[in-house]
Every structure is written in C-alpha cells, then in structure tokens.
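Novice: Here it is, the structure in full.
The values are calculated or read from the model by the stated rules, or taken from the named source; none is laboratory data. None of these values were measured; they are calculated from a predicted model. As a convention, Cβ positions derive from the backbone with ideal geometry for all residues, glycine included, and neighbour counts pool all protein chains shown.
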Amino acid sequence: MEGMRREPNVYSIDNVEYQAYQEPDLRWLKPYGTVFCVLDGHASGNLLFGVKGRYGKLFIKYAGAETIGSPALPADAIYTLAQAMPLYERDYPALTRLLAHGEAGDGYAAIFEWRDAWPLGYDGPDREMLDRIRRLPLHTTLTMLDGIFDLHARLALDGMIASGFHGGHALIDFGTYEAVICDISHYRQKPAYNDKGRLLGSSRFMAPEEYELNAVLDETTTAYNMAALAFAFFGSNDDRSRKAWAGPRPLFEAASRAVQEKKADRYPSMRAFLDAWRSAVGRCRI
C-alpha cells in the first residue's frame, strides 16, 4: 500500500550477510576473491566490500544497489561515485589508493588498496579508539593530522571543498602510524553552495553553513571540518572548551579559531589554517 514503510531484505555473499531493498547483481565481484565483510549502511548509498583473493586484500565501493544507508537513488549514487574518480586518480598523499574503477554489474565500482586500519567512527572516536590515540606519542598524532590537513589544503588548491565529512572517512593505521582519508566522493568543486539544507556528514564535524540552504561552502568550511577533527583527537566530541582539550595550548588556540560560528572569525583559507596549525606545532614541546 502507498505510504507503507519498505522493509529491507537480508542477502548474503560468500556467507557474509548484508541488507538491501533488492538483491544486486554481484557476480562481477567473483574474480577479485572472497568477500569477508560488507558495510551496507553507508550514507553514500554505496555497498562497501572487503575482498581477499589473488590480488591480496581489496576495498571495493559499489554504487547501484538500493541500500539501507541512504535515500539516494542508485542512479544518483552511481553518478556521485563515478564523477569523483578523477580526484582519486590524482594520487594525493594521505588519500586511500585507487587501483581501478568502471562499470560493474548494474552499477559502478571503485577498487582501492586495503588498509588494516580503524575508522575513527561516524561521530568521532569512541572511548577505546580515543584511548589508543591518546597513548600514542604526541609527534605521531601530529604527523597523522598533518597528513590529513595537508591533503585538504592540496584539494583546496585544486578547487575542492570538503562536504559530507565524518569520522568514518579517517582511517587510523596503528601498525604504520599513518592516517588516511578513504572517501572524498561528495566533495564539491568551487564555487559550491548548500543545495539540500542539512548536508551529509557527521554533526560533530559540520560547519553551520552545512545546515543552511543556499549557504556558500568554501575553504573556511573545509578548515572548520579539519579543526573539528583535531578536537576529536585532542578534545571531546561535545565540549570544545580548553578544559576538555588534552593537547598543548597552542594547538587548542589554532583549532578554536577555525571552528568559530561566523565565517569572518575563521581562517580565510585551508592553507591559512594549515600554516597556523604548523606554527602552533612549532611552539609545542614534542
């Protein structure tokens, strides 16, 4: 009946269960190996697969299924994933490495290098993750953040604005002590505007303009997202006071300016934020 809520179905591939509203054709996955994990609730509208086979471990994004994680139509998810591929092909440092992409089954797939890393978490680190980060030497944590900040400064120079950012996009590898970003598919080319009202992303990282219909999205938005990430590492998911900040004061001061409510009170660009952050790092005892 019209107006009734659709219930997803449970399917499986290689004995790994996932949910979707209709079973997608995943026969194209077989040559890559055996699926060992599926993430079906991603807000991008993609199904995410961990696959192990003759190519080693792979991380594969597939757009084209009716997923439970997003109201986006499969055609919209396909377009979003495909149009982001030129960004991944530029092989930015601190961005997960793209191996191949193209049409697959009834949709589109992007195949990435697998990282044995932990996602920071949709709303920021949980207690276990935060404890692991806090036990790292300060210089290690700062190197991780610097790589992510530098990536976004490079993206800004190429005219891209962060959009749809959440902590699950940041992967922390506690073996190599590296941090990488695994998803920039919803980032936007300048000039960019908020065309939806409440955009995708985690509220912990989102700037005020990411809630405001027709608002301008610019480099101050990206700097806000990145400073909010610094608060996730050193501060609190909910409290941006000095009292809740576990890192050195100069870093707090640099991050605080970037997360001001008014754009005029923030850094004018992602590069300006990165320069201020690096200057603050130079004033810390490491």
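Novice: Does at least one position in the range 74-97 carry a residue that is surrounded by 14 or more Cβ atoms within 10 Å (Cβ to Cβ), touching a helix residue (DSSP H, G or I) at 6+ places or on another chain (Cβ under 9 Å) and on the phi > 0 side of the Ramachandran plot?
Specialist: yes
Novice: Got a number for residues in the range 161-195 being buried (at least 21 other Cβ atoms within 10 Å of the Cβ) and over 18 Å from His42 (Cβ atoms)?
Specialist: 3
Novice: Would you pick out the residues in the range 260-275 that are closer than 25 Å to Leu136 by Cβ and buried (at least 20 other Cβ atoms within 10 Å of the Cβ)?
Specialist: Matches in the range 260-275: Met270, Phe273, Leu274.
Novice: So for the range 62-71 (the condition being β-branched (Val, Ile, Thr) and in contact with a Phe, Trp or Tyr (Cβ under 6 Å, 6 or more places away or on another chain)), does at least one residue qualify?
Specialist: Looking through the range 62-71, none of the residues is β-branched (Val, Ile, Thr) and in contact with a Phe, Trp or Tyr (Cβ under 6 Å, 6 or more places away or on another chain).
Novice: Which of the strands (runs of 3 or more DSSP E) contained wholly in the range 26-129 include at least 1 residues that are under 26 Å from Ile172 (Cα atoms), within 16 Å of the chain's Cα centre (by Cα) and of a type in the set (Val, Ile, Thr)?
Specialist: Counting at least 1 such residues, we get 56-63.
Novice: How many residues are within 16 Å of Arg285 (Cβ to Cβ) and free of Cβ contacts under 8 Å to residues at least 24 places away in the same chain when one looks only at the range 235-252?
Specialist: Here the count works out to 3.
Novice: Related question: If the requirement is being assigned by TED's automatic domain parsing to the domain that holds Leu171 and over 17 Å from Ser163 (Cα atoms), which of these qualifies: Asp126, Asp91?
Specialist: Result: Asp126 is the single residue among Asp126, Asp91 that is assigned by TED's automatic domain parsing to the domain that holds Leu171 and over 17 Å from Ser163 (Cα atoms).
Novice: If I ask for residues that are over 12 Å from Leu130 (Cα atoms), of a type outside the set (Gly, Ala, Ser) and in contact with a Lys or Arg (Cβ under 7 Å, 6 or more places away or on another chain), which ones from the range 219-241 would you list?
Specialist: Within the range 219-241, Thr220, Tyr224 qualify.
Novice: With closer than 23 Å to Glu209 by Cβ, small (Gly, Ala, Ser) and at pLDDT 95 or above as the only criterion, which of Ala258, Ala232 stands out?
Specialist: Ala258
Novice: Look at the range 17-39 and say how many of its residues are crowded, with 16+ Cβ neighbours inside 10 Å and at pLDDT below 95.
Specialist: Matching residues across the range 17-39 total 1.
Novice: Within the range 130-150, work out how many residues are in a loop (DSSP other than H, G, I, E, B) and buried (at least 16 other Cβ atoms within 10 Å of the Cβ).
Specialist: Of the residues in the range 130-150, 1 are in a loop (DSSP other than H, G, I, E, B) and buried (at least 16 other Cβ atoms within 10 Å of the Cβ).
Novice: Which count do you get for residues in the range 3-47 that are on the phi > 0 side of the Ramachandran plot and assigned by TED's automatic domain parsing to the domain that holds Ala65?
Specialist: 4
Novice: Gly107 is checked against (1) within 23 Å of Gln189 (Cβ to Cβ); (2) modelled with pLDDT of 95 or more and fails just one. What number does that condition carry?
Specialist: (1)
Novice: Let me ask something else. Quick one: would you say Arg198 is surrounded by 18 or more Cβ atoms within 10 Å (Cβ to Cβ) and assigned by TED's automatic domain parsing to the domain that holds Gly164?
Specialist: No: the conditions fail for Arg198.
Novice: Would you please name the residue that is modelled with the highest pLDDT, looking only at residues in the range 40-69 that are buried (at least 17 other Cβ atoms within 10 Å of the Cβ) and among the hydroxyl-bearing types (Ser, Thr, Tyr)?
Specialist: Ranking the qualifying residues of the range 40-69, first place goes to Tyr62.
Novice: Related question: How many of the residues making up the range 231-257 are in a helix (DSSP H, G or I) and either of a type in the set (Phe, Trp, Tyr) or within 21 Å of His186 (Cα to Cα) (or both)?
Specialist: 4
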